[in-house]
Amino acid sequence: MALISGDANNKLSLDSIRDSLIRQEDTIIFNLIERIKYPINSTLYKEPSSSSSWNISGSLFHYLFQETEALQSKVGRYLSPEENPFFPDNLPASIIPPSKCTPVLHPAAESVNVNEKILDVYIKQLLPLFCITDQADEGNFATIASCDIQLLQALSRRIHYGKFVAEIKFRDCTDQYKPLILAKDRDALMKLLTFEAVEEMVKKRVAKKALTFGQQVTLNIDDSSKEVKCKVDPSLVSRLYDEWIMPLTKLVEVQYLLRRLD
């Protein structure tokens, strides 16, 4: 759902943002289920040795990711305010002309990008949490990298939706937010943005979705009494939101608000 139009029928609203965030939960969970089919292939994420025949800078994964983003940039992916590149430097221009819709975000939104942190957390913390390590290191580089990229882009989109959340909250409660922004009070902004009851509901919902989407489905009638086997642990999906997605989203919200009045 593109939230870039100023049209009266598609105004920025908390309800439209909430609907999009709920749908994005589905995307993240399905991409996570797809990624955990494969182990962590350590060679994919390592810097090549000096004796390597690979003529690339950085890891093979970074190379594949950068090339993917370059291709997507050419067809307009990063013209959308919902999309934020992981490798923004030297992206090629789009051959697709930009939309003529009225932007809904402050221009400061373009300077808010936490993808470097998302990528670091993903490789160092999330992959070891969800995937086993491939001791044999047998390849599947392109397939694994493709799954990584789709999941990372889904996570990035969800986290950077904090810009839209912050914008609508600022518009609805400008008198509360403006003094804190001018004072650059990060802690107070974070507290104002936090709704613990909503966060608890999100954690429960994504856990239930993971249980539902990740069940091993059979046609045996007598299987109803057996323990449900899941492709992804629902408690880990809840933890993913609790420890990483929601805190990083609020980080985006605070960064956006602090730059909104500059």
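The values are calculated or read from the model by the stated rules, or taken from the named source; none is laboratory data. Every value quoted in this text rests on a predicted model; they were computed, and no experiment measured them. Cβ sites come from the backbone with ideal geometry, for glycine too, and all protein chains shown count toward neighbours. Surface areas here come from the heavy atoms of the whole protein model, side chains and all, with no ligands, DNA or RNA. Shrake-Rupley method; radii C 1.70, N 1.55, O 1.52, S 1.80 Å.
Of the residues making up the stretch 191-205, at least one is in contact with an Asp or Glu (Cβ under 8 Å, 6 or more places away or on another chain), assigned to a helix (DSSP H, G or I) and open to solvent by 50 Å² or more (accessible area, probe 1.4 Å). From the list ALA154, ALA145, the one residue that fits, being open to solvent by less than 10 Å² (accessible area, probe 1.4 Å) and farther than 16 Å from SER59 by Cβ, is ALA154. In this structure, THR212 does not qualify as closer than 22 Å to LEU119 by Cα, in a helix (DSSP H, G or I) and not charged (D, E, K, R). Taking the numbered list (1) of a type in the set (Val, Ile, Thr); (2) assigned to a loop (DSSP other than H, G, I, E, B); (3) modelled with pLDDT of 90 or more; (4) surrounded by 14 or more Cβ atoms within 10 Å (Cβ to Cβ) in turn, ILE56 passes all entries but (3). One residue alone among ASP242, ASP172, ASP187 is under 19 Å from the mean Cα position of the chain (by Cα), within 30 Å of LEU12 (Cβ to Cβ) and open to solvent by 60 Å² or more (accessible area, probe 1.4 Å), and that residue is ASP242.
Select from the stretch 213-239 the residues that are among the β-branched types (Val, Ile, Thr) and modelled with pLDDT under 95 and write down the one among them that is most open to solvent (accessible area, probe 1.4 Å). Restricting to residues being among the β-branched types (Val, Ile, Thr) and modelled with pLDDT under 95, the top hit is ILE221. Considering (1) among the hydroxyl-bearing types (Ser, Thr, Tyr); (2) within 21 Å of the chain's Cα centre (by Cα); (3) open to solvent by 60 Å² or more (accessible area, probe 1.4 Å), the lone condition that SER80 does not fulfil carries the number (3).
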